[in-house]
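The values are calculated or read from the model by the stated rules, or taken from the named source; none is laboratory data. Owing to the predicted nature of the structure, the values given are computational and were not obtained by experimental measurement. Here Cβ is always computed from backbone atoms with ideal geometry, including for glycine, and neighbour counts include all displayed protein chains.
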There are 2 protein chains.
Amino acid sequence: MSEDKLPSRNENFSEWYNQLVLKAELADYAPVRGCMVVRPYGWALWENIQQALDRRFKETGHVNAAFPLLIPKSFLEKEKEHVEGFSPELAVVTIGGGEVLEEPLIVRPTSETIIGYMYSKWIKSYRDLPVLINQWGNVVRWELRTRLFLRTLEFYWQEGHTAHSTAVEAEEETRRMLNVYADFAINDAAVPVVAGMKSEKEKFAGAVRSYTIEAMMGDRRALQAGTSHFLGQNFAKAFEIQFLDWNNELQHAWTTSWGLSTRFVGAIIMTHGDDQGLILPPKLAPVQVVIVPIYKNDSEKGRVLETVARIQSELKNFRVKIDAREEVTPGYKFNDWEMRGVPLRIEIGPKDVDKGTVALARRDRPGREGKSFTPQAQIAVQVGEMLEDIQAALLERARAFRAANTHDVSSYAELAQVVQDGWAYAWWCGSAECEAKVKEETKATTRCIPLDQPEGSGKCAVCGETASQKVIFARAY
Amino acid sequence: MSEDKLPSRNENFSEWYNQLVLKAELADYAPVRGCMVVRPYGWALWENIQQALDRRFKETGHVNAAFPLLIPKSFLEKEKEHVEGFSPELAVVTIGGGEVLEEPLIVRPTSETIIGYMYSKWIKSYRDLPVLINQWGNVVRWELRTRLFLRTLEFYWQEGHTAHSTAVEAEEETRRMLNVYADFAINDAAVPVVAGMKSEKEKFAGAVRSYTIEAMMGDRRALQAGTSHFLGQNFAKAFEIQFLDWNNELQHAWTTSWGLSTRFVGAIIMTHGDDQGLILPPKLAPVQVVIVPIYKNDSEKGRVLETVARIQSELKNFRVKIDAREEVTPGYKFNDWEMRGVPLRIEIGPKDVDKGTVALARRDRPGREGKSFTPQAQIAVQVGEMLEDIQAALLERARAFRAANTHDVSSYAELAQVVQDGWAYAWWCGSAECEAKVKEETKATTRCIPLDQPEGSGKCAVCGETASQKVIFARAY
């Protein structure tokens with residue numbers, strides 16, 4: 001960790017982000033353009049995200065599996081919109097074992113095609129359905145402009161791929177997994193999200209309908225934090241995923257796919273972080289509590305470390321780190337753990353030992369406001385309650401921030417102004433022309449048509465025609 | 001699951017293995033030559049292996065991280081022996097985003113080089129050492145002859161990479177992780193292994209010394225089940241991993257690497273399986289107990305399922321599956337779960353309901369011998385004890401099998417005969433000539449020089465010269 005301060009968020013949000021990722025040792029640049037190394041602290045955060053999601057996937061009946069990294073080029077070409085969407089972004093293996101391959105292999109950008117191929121082998125009858133499989137893995141997309149976590153050539157994610165006997169069931173699954181993402185984002189990451197549908201223009205290449213959860217970052221731009229796609233029979237037809245139904249008639253299956261990636265780490269950073277560094281939601285923080293012993297001489301040290309050890313043992317149900325480094329000062333340690341976003345700091349000095357108390361410092365309320373003292377005897381209860389309170393406070397703050405920066409707009413002029421520094425919530429006629437005009441003139445895109453819609457209808461903020469739905473326009477990552 | 005029987009292990013071990021992997025739905029062939037799809041049941045087994053290892057890695061102070069899949073070609077070329085070892089096996093990305101790359105990228109066959117490059121950025125002082133990082137991921141090696149799990153183009157593994165300030169500490173780490181592998185293999189997988197050192201000829205490309213755990217499969221061939229390498233300063237010099245020591249002098253670090261892969265799934269299959277299918281060690285089995293309800297009519301069904309539900313709730317600390325399928329018979333289910341190697345089956349019929357008992361069937365003792373009845377009231381205790389007993393019995397049986405098929409040999413003729421159908425334990429002078437002669441004439445290789453060595457010395461079983469070490473010669477996977 002460097003002692004240098006971060007740039008302020010207000011002055012240069014982008015540079016604040018880049019430096020924070022490096023200084024908190026979440027990730028580093030790899031020697032290959034656009035690739036990242038996820039460092040142990042960042043990976044521990046991702047492992048906690050994985051566990052929180054994986055538990056939900058298993059509770060909703062899904063199982064994990066692993067499909068190959070390398071996909072025959074011809075597979076990508078079987079679904080027309082899919083190949084158009086992904087062709088510009090492919091990494092291609094042309095040589096294997098010293099010889100030029102007859103058919104080049106694509107490093108998977110996503111796995112609908114190879115999984116579709118396998119499903120066509122496995123699925124024969126309605127009895128084999130639904131198939132509810134998820135995969136944790138890495139994918140590669142040859143992006144031109146990259147940012148650590150937000151957009152990298154290789155990234156880590158999970159991709160769920162399911163097959164069903166009816167359209168209704170597949171659509172239900174698509175929405176169920178969208179809800180799983182929203183539930184995780186809100187309740188574990190304290191990242192408030194709007195769940196909604198993507199426009200035709202913004203949907204996944206090969207989907208009938210795409211759903212998304214959209215989050216507002218600290219610079220008021222939107223970030224697509226997870227997507228769930230109803231693929232209809234598009235991939236089932238391209239890969240001949242067919243089954244005999246109850247009436248012994250051959251049908252194409254209905255499929256879905258849904259994914260959430262290491263990009264979500266970026267969402268957590270940009271939702272909660274401040275000028276001192278990261279602020280991690282307690283439920284996902286690799287270290288929930290850091291204990292910093294404070295002493296001036298060996299006699300103090302002995303007494304303090306004894307109390308530290310006892311407190312640690314009482315906090316065994318939390319993820320606790322003791323910072324016993326000798327070569328740096330307590331003040332350095334405070335900054336260090338603030339940079340890394342540890343939700344709660346416990347300071348224990350000789351006076352605390354004498355008084356039977358400890359000092360607590362909340363990361364979400366810097367300075368005196370977040371500081372309090374508590375008796376050692378009640379430490380486990382107190383820490384548990386405070387972590388819950390921090391979790392709730394982070395969500396509340398992010399919600400308030402989003403509310404303050406989301407504006408109902410009724411005219412195009414208003415829309416164009418609002419999206420420069422916030423979200424516009426507007427009636428939209430649904431036409432691609434209006435959407436394109438906004439994008440061209442303001443750089444804002446339709447982020448989603450929220451599932452939660454108001455009653456009635458209004459006038460399209462762009463063209464003034466009657467509109468039956470409201471949409472969020474925003475500049476996005 | 002197909003109803004067809006497996007080929008017998010004695011008649012055709014190789015075909016028994018291939019069909020078992022497919023029929024138990026552990027894995028399937030992918031459309032790319034030599035690649036596999038790990039199906040949900042196989043992946044659940046691998047996840048249990050991962051957890052058992054990851055826990056041990058964390059207990060020994062390691063953290064996880066993620067390094068890029070794609071490695072610049074020039075990196076591979078920096079360590080001379082390393083590049084010679086891996087060059088023939090590389091998959092090469094030459095096109096990215098539609099353009100030919102200036103420098104081709106290798107899909108990682110192993111990550112010493114890219115991790116070495118990052119370590120050279122991160123490590124500056126002795127205070128930064130040791131670095132103890134592990135990575136869970138996928139790698140690609142362009143193998144010509146492939147087998148599901150045992151040797152596939154892409155496989156899944158963990159690779160630990162550590163850096164230390166002294167040779168002694170690095171060597172200790174190498175041996176510590178070898179012991180972690182042995183402990184996992186013996187105590188969780190019930191796979192007895194011999195821990196030892198690889199010969200110069202058989203060591204990892206780039207290592208100073210390689211250690212291995214070797215297991216005997218059901219056909220008496222050896223399988224290298226995990227390796228740990230002391231890399232000396234080879235990679236530190238190639239990638240300039242340097243640190244300032246206590247005396248403020250610049251030193252090259254000492255590094256290690258160690259890995260265990262999905263190949264271990266093959267080891268479990270071939271150690272324990274029988275002609276009925278898989279037998280999984282209880283500690284790693286995705287399903288530890290399957291409950292099969294047995295009834296003839298609706299009135300029986302109601303009573304039986306009620307008992308089944310109660311038994312299930314009492315077994316909540318175990319991984320339990322209820323097979324309530326209506327379209328197949330109990331006999332079909334028995335075969336099905338035997339094929340999948342579930343350690344313990346509970347059968348519950350109307351008579352059991354009346355008597356307050358259940359029938360237990362142990363997978364490791366087919367037929368009547370493994371069948372018993374137990375009062376429902378004691379089910380949780382009984383199941384726990386029986387699973388422990390099965391775990392121990394599997395290890396004991398594998399140990400006895402290995403002992404019966406490992407032969408002390410004192411002459412070359414004896415050695416050459418023994419290795420056709422077992423392991424030879426022989427004095428070896430250590431010369432590459434003797435090793436090469438055995439390989440050429442018998443196809444057996446030196447598997448390892450066991451760490452546990454007898455006192456004294458003997459005569460090399462090949463050349464008759466004085467030998468100070470014993471070695472295992474065997475034909476291997």
Checked A:Gly331, A:Gly302, A:Gly370, A:Gly341 against criteria (free of Cβ contacts under 8 Å to residues at least 24 places away in the same chain, touching a strand residue (DSSP E or B) at 6+ places or on another chain (Cβ under 7 Å) and not acidic (Asp, Glu)); the one match is A:Gly370
Within region A:377-409, the residues that are more than 20 Å from A:Val287 (Cα to Cα) and among the polar types (S, T, N, Q) are A:Gln378, A:Asn405, A:Thr406
Filtering region B:198-213 down to residues that are outside any loop (DSSP other than H, G, I, E, B) and surrounded by 22 or more Cβ atoms within 10 Å (Cβ to Cβ) yields B:Ser210, B:Tyr211, B:Thr212, B:Ile213
Of the residues in region A:27-80, those that are assigned to a helix (DSSP H, G or I), touching a strand residue (DSSP E or B) at 6+ places or on another chain (Cβ under 6 Å) and facing another protein chain (nearest Cβ under 9 Å) come to A:Pro40, A:Gly42, A:Trp43
Per the filter on region A:434-460, residues hydroxyl-bearing (Ser, Thr, Tyr) and surrounded by 14 or more Cβ atoms within 10 Å (Cβ to Cβ) are A:Thr442, A:Thr445, A:Thr446
**Message:** Among the residues in region B:116-132, are any more than 25 Å from the chain's Cα centre (by Cα), more than 22 Å from A:Glu102 (Cα to Cα), basic (Lys, Arg) and facing chain A (nearest Cβ under 10 Å)?
**Reply:** yes
Residues of region A:79-123 being charged (D, E, K, R), more than 22 Å from B:Asp28 (Cα to Cα) and either in contact (Cβ under 8 Å) with a residue 40 or more places away in the chain or not assigned by TED's automatic domain parsing to the domain that holds A:Val139 (or both), in sequence order, are A:Glu79, A:Glu81, A:Glu84, A:Glu89
Does A:Glu84 satisfy being among the acidic types (Asp, Glu), part of a helix (DSSP H, G or I), away from chain B (no Cβ under 11 Å) and surrounded by fewer than 17 Cβ atoms within 10 Å (Cβ to Cβ)? yes
Open item on the list: One residue is enough: does region B:410-422 have a residue meeting the conditions in a helix (DSSP H, G or I) and over 28 Å from B:Met270 (Cβ atoms)?
Closed with: yes
| said: Tell me whether region B:2-25 contains one or more residues that are more than 9 Å from every other protein chain (Cβ to nearest Cβ), in a loop (DSSP other than H, G, I, E, B) and either under 17 Å from B:Glu112 (Cα atoms) or of a type in the set (Ser, Thr, Tyr) (or both). | reply: yes
For region A:372-407 the number of residues that are outside any helix (DSSP H, G or I) and in contact with an Asp or Glu (Cβ under 9 Å, 6 or more places away or on another chain) is 3
If you go through A:Phe155, A:Phe149, the only one that is of a type in the set (A, V, I, L, M, F, W, C), in a loop (DSSP other than H, G, I, E, B) and within 13 Å of chain B (Cβ to nearest Cβ) is A:Phe149
Within region B:168-197, residues hydrophobic (A, V, I, L, M, F, W, C) and in contact with a helix residue (DSSP H, G or I) (Cβ under 7 Å, 6 or more places away or on another chain) come out as B:Val180, B:Phe184, B:Ile186, B:Ala189, B:Ala190, B:Val191, B:Val193, B:Ala195
Of (1) in a loop (DSSP other than H, G, I, E, B); (2) in the same structural domain as A:Leu45 (by TED's automatic domain parsing), A:Gly266 fails just (1)
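Condition check ((1) farther than 18 Å from B:Phe264 by Cβ; (2) out of contact with any Phe, Trp or Tyr (no Cβ under 6 Å at 6 or more places or on another chain); (3) surrounded by fewer than 20 Cβ atoms within 10 Å (Cβ to Cβ); (4) not hydrophobic (A, V, I, L, M, F, W, C)) across all residues:
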| site | (1), (2), (3), (4) |
| --- | --- |
| B:Ile115 | yes, no, no, no |
| B:Tyr119 | yes, yes, no, yes |
| B:Ile133 | yes, yes, no, no |
| B:Arg141 | no, yes, no, yes |
| B:Leu148 | no, yes, no, no |
| B:Tyr156 | no, yes, no, yes |
| said: Against the definition (in contact with a Lys or Arg (Cβ under 9 Å, 6 or more places away or on another chain), part of a loop (DSSP other than H, G, I, E, B) and in contact (Cβ under 8 Å) with a residue 24 or more places away in the chain), how does B:Val462 come out, yes or no? | reply: yes
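Yes or no, residue by residue, for (1) out of contact with any Leu (no Cβ under 6 Å at 6 or more places or on another chain); (2) surrounded by 22 or more Cβ atoms within 10 Å (Cβ to Cβ); (3) not aromatic (Phe, Trp, Tyr):
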| residue | (1), (2), (3) |
| --- | --- |
| B:Trp246 | yes, no, no |
| B:Gly259 | yes, yes, yes |
| B:Ala267 | no, yes, yes |
| B:Thr271 | yes, yes, yes |
Per the filter on region B:158-178, residues assigned to a loop (DSSP other than H, G, I, E, B) and either among the small types (Gly, Ala, Ser) or within 13 Å of another protein chain (Cβ to nearest Cβ) (or both) are B:Ser165
Do we have any residue at all in region B:288-310 that's over 29 Å from B:Val21 (Cα atoms), in contact with an Asp or Glu (Cβ under 9 Å, 6 or more places away or on another chain) and part of a loop (DSSP other than H, G, I, E, B)?
no
A:Thr94 fails exactly one of (1) part of a loop (DSSP other than H, G, I, E, B); (2) within 8 Å of chain B (Cβ to nearest Cβ); (3) of a type in the set (Ser, Thr, Tyr), namely (1)
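Here's the yes/no breakdown for (1) surrounded by fewer than 18 Cβ atoms within 10 Å (Cβ to Cβ); (2) without any contact (Cβ under 8 Å) to a residue 24 or more places away in the chain; (3) within 22 Å of B:Phe155 (Cβ to Cβ):
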residue: A:Arg9; (1), (2), (3): no, no, no
residue: A:Asn12; (1), (2), (3): yes, yes, no
residue: A:Val38; (1), (2), (3): no, no, yes
residue: A:Tyr41; (1), (2), (3): no, no, no
residue: A:Arg55; (1), (2), (3): yes, yes, no
residue: A:Val63; (1), (2), (3): yes, no, yes
residue: A:Leu69; (1), (2), (3): no, no, yes
residue: A:Ser74; (1), (2), (3): yes, no, no
